[in-house]
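These notes are about the structure you will find just below.
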Amino acid sequence: MTAHSDSGVKVLPREPVAPLFAFPEQDEFVWRHEQGTLIELHNEQEAIKRMNEKRSPLKAWPIAPIPGLTTSFTKSWLFLVKIPSAEPNVAFPTLTDRFTIDMESKIDRPEGTFSLVHMPAARVQNPYEGLENVVDSSIKKCAAFKVDVPRSWQSDDGVNIELDLMSNFQTASSISDAGNLTADYQKCQIITIKWDTCSLTFEAELAALRHLTDEHRLEELKPHKMSMKAFQMIRDFNNVPFIHSRDLFEEFPQLKNPAHFSHRIPRVLVDKFKAMNADHRAAFEGLKDIPNNLYFVNGCPGAGKTEWNMVLSAIIQSKKSPKGRRPHTPILFLVDINKTVDDAANRYHSLCKAAGLKLRIIRMHGWPYEMRNSNKLNKGGPKGQQETESELDFTKKFLTIASLSRHTTPGRNPNVAPTLDEASWEYFDRHQDGCFPGLKKLLAKMESGEVLGTEDWKCIRRQVSFLYRTVLSQTDFIATTPVASYGGFSRLFEPDVIFMDEAPHARELTTLIPIAYYSPLAWIFTGDVKQTRPFVKSTGKRDMESDGMKFNPFAEQLRVSTMARAAAVNALNSKLLVNKRAYGNLHRLPSKMFYGAEMTSGHDGASMYPPSAQHLKEYLKKLGGVPDVDENRVVVRLKESQEMMHRDSFWNPAHHEWLLQQVQDLLRDEAFHTVSGPAGAEGSIMIATPYSTAARQYNADVRKWPKEWQDRVEVLTVDKAQGNQADVVFLDMVRTIKAGFMDDAQRLNVAITRARQAEVIIMHHRMTMRYVRGDTRVKTQYLTQVWDDAVEGRRMFSL
């Protein structure tokens with residue numbers, strides 16, 4: 001219920017509000033999501049302020065100036081920075097974050113004492129990552145920062161003088177001197193980071209909401225009619241007065257029968273289409289009748305959701321649409337996770353390469369926004385919330401990639417999709433004489449060390465903008481995040497199909513971004529509402545206010561994604577319930593616990609236990625000293641188990657020691673093979689744990705192992721395990737006093753569905769109990785099922 005004051009004005013509730021799954025009234029949708037998001041924005045800014053006050057030290061090496069990036073005011077330097085181990089409340093910049101750095105060291109000169117502080121920085125790709133001829137391999141694992149160092153400094157006398165202060169800390173003769181680079185701790189500098197408190201994510205979310213709900217007097221400012229129909233539909237799925245049906249088979253005739261010879265679809269894609277199971281085919285057939293251009297496909301773990309998206313995309317792009325304006329239908333592939341953006345782009349790049357499709361594929365993390373200030377959030381209408389075309393400035397990123405490409409990298413890996421900046425640089429490199437002679441001339445002037453004047457900079461910005469627009473106009477497939485697709489990007493790339501992969505991970509307003517600013521033939525949402533949900537910082541506890549945080553009564557509403565609401569009101573278009581990932585009967589327990597026993601295996605009979613899975617079954621039998629196990633999942637209770645707290649997180653020394661020994665034994669086992677690669681290839685292992693301290697401890701020890709072992713082992717927290725998998729998963733539950741936060745359906749579902757062939761859960765019996773009303777103990781809802789299932793199947797081993 002919404003609270004009102006005596007004057008009739010809505011006031012924020014003082015207690016948590018139960019989420020709604022349908023919104024007949026638009027005002028209620030706007031009120032909950034706008035107020036909840038503004039509180040999240042406040043809390044995010046408070047968290048960043050506290051992080052800035054904490055000033056966690058980082059180890060850094062100033063390498064050398066980046067050629068060609070010197071301006072009248074700054075000289076850009078390349079820094080390598082050691083990435084800290086994962087710890088609670090410790091953040092590290094991504095490629096899209098904005099921040100400045102301070103150096104701890106000061107410089108004494110006759111003119112005065114100088115501090116190198118407040119220097120604007122940006123994270124860039126480490127240019128030494130793929131090099132072979134490096135003396136110290138640890139530099140490949142560092143993050144790379146571009147740091148803009150002032151050229152002018154004020155002396156003690158108040159006079160501005162030009163000094164090259166950073167040269168005091170230079171560790172290489174040039175950025176090209178990769179062969180002599182070392183992470184020498186005697187040359188290490190301590191830096192701290194100050195983060196920008198503006199949040200582009202929340203700004204983009206609120207702008208999308210207001211674009212769809214505000215009144216626009218000018219016709220050209222209004223959202224497209226299909227955007228409004230889609231928005232009306234997702235508010236109240238089962239009560240939509242007017243439904244427009246989209247038939248993608250009509251738009252793309254090859255979808256009717258991709259295997260028919262007349263369509264000339266590449267054999268690789270035809271084979272993949274023929275290999276689709278009944279669920280995949282049903283989802284494919286559903287594309288003939290898409291209500292209001294919105295299509296929801298929910299899929300269980302290992303159901304091949306992303307593969308379905310990729311094959312569908314490639315079949316669409318393999319042939320020109322009769323109604324299409326371009327040879328290849330432009331597709332926008334959105335994922336709300338940067339790492340998954342890269343994985344998706346690279347996966348599609350490989351698929352198209354194997355199919356012989358010559359498509360222009362780009363992965364993109366960010367967009368060149370010039371943030372003014374957060375009071376834009378209080379303005380209505382897209383003009384106040386989007387960049388005008390003249391404000392888009394790609395120059396900094398282009399000049400950085402141009403310089404690093406010329407002076408450090410041996411060339412981009414052809415098996416990896418390029419970023420927008422890499423693609424633009426490569427396009428310029430191929431066409432500089434014919435299409436960009438002016439830009440070529442200006443870059444040569446910069447390369448020679450000449451400082452450009454104002455008119456030259458204006459010319460560079462115009463020509464670089466033209467270059468990027470040209471590249472985008474010719475791009476066929478872009479993988480990026482929803483936030484990056486907000487604003488000016490929608491005017492430069494107009495997709496006919498938009499995929500939203502891992503859609504249940506995105507907050508509702510994040511989902512609105514592609515709906516508000518695009519009008520494709522179809523928005524296709526895929527994911528699993530049983531595995532993941534949006535991240536919301538607020539815990540819903542009143543004591544947050546003592547930390548400067550605001551209590552958010554709508555936190556649970558923000559944790560419900562658009563796709564989860566569709567599932568709750570039975571508005572999903574299709575379901576994929578065949579698990580192709582799991583062998584050894586590993587699908588059975590999560591199917592029973594989370595999918596109403598509807599999730600089935602894609603393997604039957606002998607295929608359920610191929611030789612590699614059978615070998616791991618023997619390993620589990622030997623581990624427990626039992627004659628047989630009915631599936632390749634066991635629960636292990638260690639008698640010496642005891643949780644310990646370290647830095648606000650937990651780890652378990654007994655679990656740690658035993659688990660690492662088991663991992664090493666498997667790595668030495670020459671019969672331990674994978675089921676996902678070439679026959680006889682070595683198997684992979686994931687160590688998963690709910691707690692960052694435990695993950696950090698595992699990582700520290702794994703890094704001491706031989707590189708060939710390290711390459712086969714991945715350590716992840718459960719919250720970061722979504723989308724990852726391994727042949728064997730060791731799940732360390734850590735706790736021995738209570739369940740902690742693992743008695744959660746989505747989190748536990750992710751945890752026990754990562755394994756392909758075998759799973760070992762290290763768990764204490766007390767995790768099956770929780771306390772309510774003081775000393776009263778009751779069984780946990782989900783962890784008890786894991787324990788009891790293992791006991792019933794005689795797969796619970798006390799060691």
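Please treat every number below as a calculation from the coordinates, not as lab data. Quick caveat: nothing in here was measured; it's all calculated off a predicted structure. Neighbour counts run over all protein chains shown; Cβ positions are idealised from the backbone, glycine included.
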Label-point separation in nm, Asp102 to Gln432, each point 7 Å along Cα→Cβ:
4.1
How much length is gained if the chain between Ser262 and Lys440 is pulled fully straight, taking 0.36 nm per residue apart and subtracting their Cα-Cα distance, in nm to one decimal?
59.5 nm
Over region 605-798, consider all pairs of different Cα atoms and compute the Kirkwood hydrodynamic radius from their mean reciprocal separation; express it in Å, one decimal.
17.1
For Ile190 and Asp156, FRET efficiency with R0 = 25 Å and r from the beta-carbon atoms, rounded to 0.05?
0.50
Find how many whole Å separate the alpha carbon centroid of region 721-787 from the alpha carbon centroid of region 209-276.
39
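Within the chain, which complete DSSP H helices have Cα atoms spanning at least 27 Å along the helix axis and a mean Kyte-Doolittle hydropathy of -1.0 or higher?
Working: long enough: 26-54 (41 Å, -1.38); 454-473 (28 Å, -0.37).
Qualifying helices, which must be both long enough and hydrophobic enough, are 454-473.
Take each of the peptides 219-228, 139-148, 666-675, average the number of other beta-carbon atoms within 10 Å over its residues, and list them starting from the highest. Can you show the working numbers first?
On the way: 219-228: 15.0, 139-148: 20.4, 666-675: 16.6.
Top of the packing list down: 139-148, 666-675, 219-228.
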Order of 104-114, 336-346 by packing, highest average Cβ count within 10 Å first?
336-346, 104-114
Between region 409-484 and region 556-635, what is the separation of their alpha carbon centroids in Å?
47
With equal scatterers on the alpha carbons only and no solvent term, can you work out the Debye log10 of I(q)/I(0) for region 393-473 at 0.15, 0.19, 0.25 1/Å?
-0.51, -0.83, -1.40
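Would you mind telling me the antiparallel percentage of the DSSP bridges in the chain, rounded to 5? List each step's numbers first, then the result.
Working: 47 of 96 bridges.
Close to 50 percent.
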Just want the ordering: His244, His655, His33, from fewest to most Cβ atoms lying within 10 Å of their own Cβ.
His244, His33, His655
Where labels lie 7 Å past Cα in the beta-carbon direction, separation of Lys550 and Gln710 in nm
4.5
Name the residue from Gly487, Tyr468, Pro504 whose Cα lies farthest towards the positive end of the charge dipole of region 442-588, charges +1 on Cβ of Lys and Arg and -1 on Cβ of Asp and Glu.
Pro504
For every helix of n ≥ 4 consecutive DSSP H residues, a contribution of -39,500 (n - 2.57) applies; sum these over the chain, divide by its total residues, and give [θ] at 222 nm rounded to the nearest 500 deg cm²/dmol.
-9500 deg cm²/dmol
Enumerate the amide H contacts of Ala522 below 5 Å, restricted to partners 5 or more residues apart or on another chain; note that Pro and chain-start residues carry no placed amide H.
Ile498
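Which value, in debye to the nearest 20, describes the size of the charge dipole of the chain about its Cα centre when Lys and Arg Cβ atoms bear +1, Asp and Glu Cβ atoms bear -1, and nothing else is charged?
Numbers: 103 positive and 98 negative charges, 249 e Å.
The calculated dipole for the chain is roughly 1200 debye.
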Would you grab the residues whose amide H sits under 5 Å from the one on Thr70? Only those 5+ places off in sequence or on another chain, please, with H modelled 1.01 Å from N.
Ser76
Suppose R0 equals 25 Å. What FRET efficiency, 1/(1 + (r/R0)^6) with r the Cβ-Cβ distance, do Asn238 and Ala282 give to the nearest 0.05?
0.75
So, in nm, how far is label Arg14 from label Arg491 when the simple model puts each one 7 Å beyond its Cα toward the Cβ?
4.8
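So, by mean Cβ neighbours within 10 angstrom, what's the order for 270-278, 784-792, 751-759 with the highest one leading?
On the way: 270-278: 15.0, 784-792: 17.6, 751-759: 27.3.
Peptide ranking by packing, descending: 751-759, 784-792, 270-278.
Sort region 267-370 into rounded, prolate or oblate with this rule: let a ≥ b ≥ c be the square roots of the eigenvalues of the Cα gyration tensor; rounded if a/c is under 1.5, and if a/c is not under 1.5, prolate when a/b is larger than b/c, oblate otherwise. Present the calculation step by step, with values, prior to reporting the outcome.
Working: a/c = 1.34, a/b = 1.22, b/c = 1.10.
It is rounded, given that a/c, with a ≥ b ≥ c, falls under 1.5.
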Looking only at region 605-798, where both bridge partners belong to it, what percent of the DSSP beta bridges are antiparallel (to the nearest 5)?
25
Relative to the compact-globule scaling 2.2 N^0.38 Å, provide the ratio for the alpha-carbon radius of gyration of the chain.
0.99
Amide H of Gly683 versus every other amide H placed in the peptide plane: which residues, excluding those fewer than 5 positions away on the same chain, fall under 5 Å?
His673, Thr674
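Would you kindly state how much longer the chain becomes between Val117 and Thr74 on full extension, computed as 0.36 nm times their sequence separation minus their alpha carbon distance, in nm to one decimal?
Details: separation 43, 0.36 × 43 = 15.48 nm, distance 1.33 nm.
Stretched out fully, the Val117 to Thr74 stretch lengthens by 14.1 nm.
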